[in-house]
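Student: Starting off with a structure, shown below.
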Ligand SMILES: *Cc1c(COP(=O)(O)O)cnc(C)c1O
């Protein structure tokens with residue numbers, strides 16, 4: 001049997017075509033009624049009182065930060081192990097990025113590390129719910145309250161995940177979503193900002209529309225941007241969300257099969273979920289924890305490269321921010337972020353992945369780990 005297993009693949013329920021064609025036929029192809037409908041459906045599903053649809057998950061972060069008034073002279077705390085977007089959007093707003101460490105098992109922000117880097121200039125704390133997980137929110141909310149610093153939850157990777165019956169992205173002042181092709185629900189490109197604060201909501205609506213929201217044509221009350229999501233994309237989002245039970249069921253099954261099969265590889269420590277977290281996995285991720293840790297990054301990369309020969313696309317963990325050119329000089333390395341950056345591997349994860357394929361992936365993974373590390 002020949003395999004060619006990509007790392008990610010979008011899943012269509014069959015209804016997307018109907019919705020998109022309806023939007024197309026209506027001639028409402030920029031803004032249009034599906035945008036509001038999609039926002040309402042996301043509010044209903046997540047329990048968020050307000051939602052602002054935007055062009056992608058990165059502009060969602062940008063808009064959220066602009067809404068909070070983040071600008072020059074401010075500091076934004078970001079986990080050192082993350083997809084770069086929250087850090088780059090803080091820089092786009094003119095703020096300085098300050099990193100906090102992650103928990104080495106959940107891969108999410110470590111509250112104690114956050115506490116240690118707060119200064120009078122800290123304007124926001126960005127929590128990134130990685131790979132489908134939900135961060136340890138209770139202590140983070142406590143810190144947020146204690147210092148009066150808003151939490152931004154980057155929930156691009158955990159749509160559908162709850163912690164103690166609260167949807168990821170609805171704990172803090174701002175939650176952001178991404179509907180990129182690889183994410184738990186997709187509109188191709190797309191994103192959303194969630195908030196429970198009506199003033200913040202109004203302000204974000206204005207910034208999304210060039211600072212123009214009154215009846216007076218071309219009257220701009222503030223400087224804004226065009227962060228809008230198109231009606232065609234929103235229509236697709238409505239179809240995806242309508243069938244989310246089906247999508248999440250398939251993702252959960254993939255997670256279950258992986259969890260069982262991966263028990264045979266003790267050197268691979270799968271991401272841990274705190275008690276109370278009910279994840280819809282975006283990606284099955286874990287770290288390689290061999291007894292001998294020399295050249296961990298090089299050997300992890302060797303496993304990734306060898307799996308390509310087996311027709312399996314995997315991904316290494318993110319480079320910790322201190323390694324990346326924009327932050328090289330101003331950010332220091334943190335131990336758990338460095339460990340994750342050197343040792344994480346993310347395995348192919350998407351709804352249509354079959355049991356047979358998962359067994360094949362885990363089997364080849366085991367063989368390749370053994371070749372590189374001489375242990376499993
Ligand atoms: C995907 C992702 C983003 C960016 O979303 P886009 O829609 O691709 O712009 C931001 N943060 C995290 C953690 C992501 O995984």
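Student: Could you tell me which of rounded, prolate or oblate describes the chain, using a ≥ b ≥ c as the square roots of the eigenvalues of the alpha-carbon gyration tensor, with rounded for a/c under 1.5 and, failing that, prolate when a/b is larger than b/c and oblate otherwise?
Tutor: Details: a/c = 2.04, a/b = 1.29, b/c = 1.59.
Cα axes put the chain in the oblate bin.
Student: For Cα pairs less than 8 Å apart in space and 6+ apart in sequence, what is the mean separation divided by the residue count of the stretch 124-191, i.e. the relative contact order in percent?
Tutor: It rounds to 28 percent for the stretch 124-191.
Student: Then there's this: Quote the relative contact order of the stretch 213-308 in percent (integer), defining contacts as alpha-carbon pairs under 8 Å separated by 6+ residues. Display every interim value, and only then the final one.
Tutor: Details: 33 pairs, mean separation 19.2, N = 96.
Relative contact order comes out at 20 percent.
Student: Right, here's the next one. From the square roots a ≥ b ≥ c of the eigenvalues of the alpha-carbon gyration tensor of the stretch 113-182, which class results: rounded (a/c under 1.5), prolate (a/b over b/c), or oblate?
Tutor: Details: a/c = 2.30, a/b = 1.76, b/c = 1.31.
It comes out prolate by the Cα gyration axes.
Student: To continue, here is another question. Considering only 30, 203, 88, give the residue with the highest GNM mean-square fluctuation for the chain, with springs between Cα atoms whenever their separation is below 10 Å.
Tutor: Of 30, 203, 88, the most mobile in the Gaussian network model is 30.
Student: Considering only C-alpha atoms, what is the centroid distance from the stretch 80-132 to the stretch 34-69, in Å?
Tutor: 21
Student: Given the DSSP H assignment, sum -39500 (n - 2.57) over each helix run of at least 4 residues in the chain and divide by its residue total; what's the result at 222 nm in deg cm²/dmol, nearest 500? Please list the in-between numbers first.
Tutor: Details: 12 runs with 143 residues, N = 376.
Taking each H run of at least 4 residues, the total per residue is -12000 deg cm²/dmol.
Student: So what's the angle, to the nearest 10 degrees on a 0 to 90 scale, between helix 296-309 and the longest Cα principal axis of the chain?
Tutor: Tilt relative to the chain: about 90 degrees.
Student: What are the semi-axes of the equivalent ellipsoid for the stretch 134-256, taken as the square roots of 5 times the Cα gyration tensor eigenvalues, largest first, in whole Å?
Tutor: 28, 23, 9
Student: Now for a separate question. Using just the Cα positions, wrap the stretch 187-232 in a convex hull and report its mean projected area in square nanometres, one decimal place.
Tutor: 4.0
Student: Can you tell me how the stretch 242-376 classifies by the Cα gyration tensor, rounded, prolate or oblate, using a/c under 1.5 as the rounded cut?
Tutor: Details: a/c = 1.89, a/b = 1.28, b/c = 1.47.
Oblate, since a/c reaches 1.5 and b/c is not below a/b.
Student: Return the single residue from 343, 116, 182 with maximal mean-square fluctuation; model: Gaussian network over the chain, springs between Cα atoms under 10 Å.
Tutor: Judging by the Gaussian network model, the answer is 116.
Student: For the stretch 201-315, place one equal point scatterer on every Cα, skip the solvent, and apply the Debye formula. What is log10 of I(q)/I(0) at q = 0.14 Å⁻¹?
Tutor: With one equal scatterer per Cα and no solvent, log10 I(q)/I(0) is -0.84.
Student: Kindly express, to the nearest 10 degrees and within the range 0 to 90, the angle between helix 231-242's C-alpha long axis and the longest C-alpha principal axis of the chain.
Tutor: 60
Student: Given the options 157, 75, 256, state which has the largest fluctuation in a GNM of the chain using a 10 Å cut-off (strictly under) for Cα springs.
Tutor: Ranking 157, 75, 256 by mean-square fluctuation puts 256 first.
Student: Ranking 306, 332, 183, 17 by Cβ neighbours within 10 Å, fewest first, what do you get?
Tutor: Ordered from fewest to most neighbouring Cβ atoms within 10 Å, 306, 332, 183, 17 come out as 332, 17, 306, 183.
Student: When you count, for each residue, the other Cβ atoms within 10 Å and take the mean per peptide, how do 58-65, 32-39 rank with the highest first?
Tutor: 58-65, 32-39
Student: So between residue 222 and residue 91, what do we pick up on full extension, going 0.36 nm a residue minus the alpha carbon distance?
Tutor: Separation in residues times 0.36 nm, less the Cα-Cα distance, equals 45.1 nm.
Coordinate-derived values only; no laboratory data. Here the structure is a predicted model, which is why all the values come from computation and not from measurement. Methodologically, a virtual Cβ is constructed for each residue, glycine included, from the backbone with ideal geometry; neighbour enumeration extends over all protein chains shown.
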